[in-house]
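Just so it is clear, none of the values below were taken in a lab; they were calculated from the coordinates. Remember, it's a predicted structure, so these values are computed and weren't measured experimentally. Note that each Cβ is placed from the backbone with ideal geometry, even for glycine, and that neighbours are counted across all protein chains shown.
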Amino acid sequence: MKASNNGSAKPATADLRRERRHFTPPQKVALVKQHLIDGMAVSDLCDKHQILPTQFYQWQKQLFEQGSAAFERKDAKNRGETIKDRKIEQLQAKLINKNEVIAELMEENVKAKKECGEL
């Protein structure tokens, strides 16, 4: 342990800790691009941006695993939503029709009961 001026003990590892930084997704892509497209060495990139090589390789792995999302058709998601919307509209129309039929049957039932003298 390392002693400070005021006599309290402080772990030596506290001096070695780096401040945690957060990289945005575009920044991560730019770093991986510098390696893959520009040919910059991973060690140079990591030294320049003060990151560990394992972190860089994790970002690269994520990019490759999720890269297919960049090539997905934008309207594919919309098509799924429109199919759901159409199904919802069909079900709502069916429900409205059912409610109308039930109302008609109830009305006929009340008329029949009045004619029979039950009401």
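Quick notes
- Across the range 89-104, computed HN-Hα scalar couplings (Karplus, 6.51 cos²θ - 1.76 cosθ + 1.60, θ = phi - 60°) run 4, 4, 5, 5, 5, 5, 5, 4, 4, 4, 4, 5, 5, 4, 4, 5 Hz from first to last residue, x flagging Gly and Pro.
- Relative exposure of Leu31, Leu36, judged by other C-beta atoms within 10 Å (fewest first): Leu36, Leu31
- Cβ-to-Cβ counts within 10 Å put Phe64, Phe23, Phe56, Phe71 in ascending order as Phe71, Phe64, Phe23, Phe56, the fewest first.
- On full extension, the segment bounded by Ile88 and Leu36 gains 14.1 nm, given 0.36 nm per residue less the C-alpha separation.
- Amide H contacts of Met40 (H built 1.01 Å from N, in plane; Pro and chain starts excluded): His35 sit under 5 Å, all sequence-distant by 5 or more or on other chains.
- Sorting His49, His22 from the fewest to the most surrounding beta carbons within 10 angstrom yields His22, His49.
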